[in-house]
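Visitor: Would you mind keeping the following structure in view while I ask a few things?
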């Protein structure tokens, strides 16, 4: 009886591992289940070159409501340069 229970737990773990692997591969290929909404990401515009960047990975200047987001160090330096 104990041997059967161990085999059932092992089979359940292997099935779950296979399902997670399959789901990860499908999501990586861009598959969206019917009826699901795509996750949106709020982007911000670089004030120098106009490229949209993700606030989580962009370079910043300033703080609070005066924060500016930049795509590269070159754009950040150009924005900081006196005009």
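Every number in this text was worked out from the coordinates using simple rules, so none of it is lab data. The structure presented is a predicted model; accordingly, all values stated were derived computationally and were not measured. Glycine also receives a Cβ, built like all others from the backbone with ideal geometry; neighbour counts cover every protein chain displayed.
Visitor: Stretch residue 23-residue 45 to full length: gain in nm at 0.36 nm per residue minus the Cα-Cα span?
Guide: Values: separation 22, 0.36 × 22 = 7.92 nm, distance 3.34 nm.
Full extension of this stretch gives 4.6 nm more.
Visitor: In the Gaussian network model of the chain, springs joining C-alpha atoms below 10 Å, which of 45, 68, 16 carries the largest mean-square fluctuation?
Guide: Looking only at 45, 68, 16, the largest GNM fluctuation is found for 16.
Visitor: Then there's this: How large are Rg and Dmax for the chain when calculated on the C-alpha trace, in angstrom?
Guide: Here Rg and the maximum Cα pair distance are 23.8, 81 Å.
Visitor: Taking 7 Å along the Cα-to-C-beta vector as the label spot, tell me the residue 15-residue 36 distance in nanometres, rounded to one decimal.
Guide: The two pseudo-label positions are separated by 2.1 nm.
Visitor: Listed highest first by mean packing, meaning other Cβ atoms within 10 Å per residue, what order do 60-66, 71-77 come in?
Guide: 71-77, 60-66
Visitor: Next up: Once both axes come from the Cα atoms, what is the angle between helix 2-28 and the longest principal axis of the chain, in degrees from 0 to 90, rounded to 10?
Guide: Around 30 degrees separate the two axes.
Visitor: Still on this structure, I have one more. Please identify, among 55, 34, 47, the residue showing maximal mean-square fluctuation in a Gaussian network model of the chain using a 10 angstrom Cα cutoff.
Guide: Of the options given, 34 has the highest mean-square fluctuation.
Visitor: Between region 50-72 and region 1-47, what is the C-alpha centre distance in whole Å?
Guide: About 32 Å separates the Cα centre of region 50-72 from the one of region 1-47.
Visitor: Can you tell me which of 41, 14, 26 moves the most in a GNM of the chain? Springs connect C-alpha atoms under 10 Å apart.
Guide: It is 14.
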